[in-house]
Amino acid sequence: MMEKASLRAAQPADVAAIVGLVNGHAATGVMLPVTAERVALALEDFIVAVDARDRVRACGALKEYSPSLAEIASLAVARDAPDWVSESSASSKHLHACAASTSCSH
């Protein structure tokens, strides 16, 4: 049975998981590292994909600078995430689209 992903707004309890996910990729040089303080201060910019046990498996942030200018930041997927959150899955595509859209319903 394939596990389903859920997307939701990031919560304070997610900060450590977001930092771990992003910094895991930063350690390989593919992303910039983040601090817990930075993530906590920008928490309203983040959405997360969680599994059935509410573990963060992917994250993304949308930093809106003006109505016509925004930046996608900290878009990361856990290396051991199941197929439902992989690059080829609909959930990941939704996460990418959601991070890119200011009209995303969390």
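The values are calculated or read from the model by the stated rules, or taken from the named source; none is laboratory data. Please read these numbers as outputs of a predicted model, since none were measured by experiment. Glycine gets a Cβ as well: all are built from the backbone with ideal geometry, and neighbour counts include every protein chain shown.
Inside segment 7-35, residues that are buried (at least 18 other Cβ atoms within 10 Å of the Cβ) and either aliphatic (A, V, I, L, M) or assigned to a loop (DSSP other than H, G, I, E, B) (or both) make up a count of 9. Is segment 29-39 home to any residue that is among the basic types (Lys, Arg) and more than 13 Å from the chain's Cα centre (by Cα)? Among the residues of segment 29-39, at least one is among the basic types (Lys, Arg) and more than 13 Å from the chain's Cα centre (by Cα), which makes the answer yes. Just to be sure before I move on: is Ala17 among the small types (Gly, Ala, Ser), touching a strand residue (DSSP E or B) at 6+ places or on another chain (Cβ under 8 Å) and at pLDDT below 90 in the structure I sent? When the stated conditions are applied, Ala17 does not pass them. Just checking, does segment 81-101 include any residue being under 10 Å from the mean Cα position of the chain (by Cα) and modelled with pLDDT of 95 or more? No, that holds for no residue.
Hey, does segment 57-71 have a residue that's modelled with pLDDT under 70, farther than 17 Å from Ala9 by Cβ, of a type outside the set (Asp, Glu) and out of contact with any strand residue (DSSP E or B) (no Cβ under 6 Å at 6 or more places or on another chain)? Talk me through it step by step, then tell me what you get.
Quick first cut of segment 57-71, residues modelled with pLDDT under 70 only: none.
No, the conditions are met nowhere in segment 57-71.
What pairs come out if I take residues in segment 3-15 that are touching a residue at least 60 places away in the same chain (Cβ under 8 Å) and under 9 Å from Asp54 (Cβ atoms) and pair them with residues that are acidic (Asp, Glu) and part of a strand (DSSP E or B) whose C-beta lies under 8 Å away, six or more apart or interchain? Taking only residues 6 or more apart or on different chains, not a single pair turns up.
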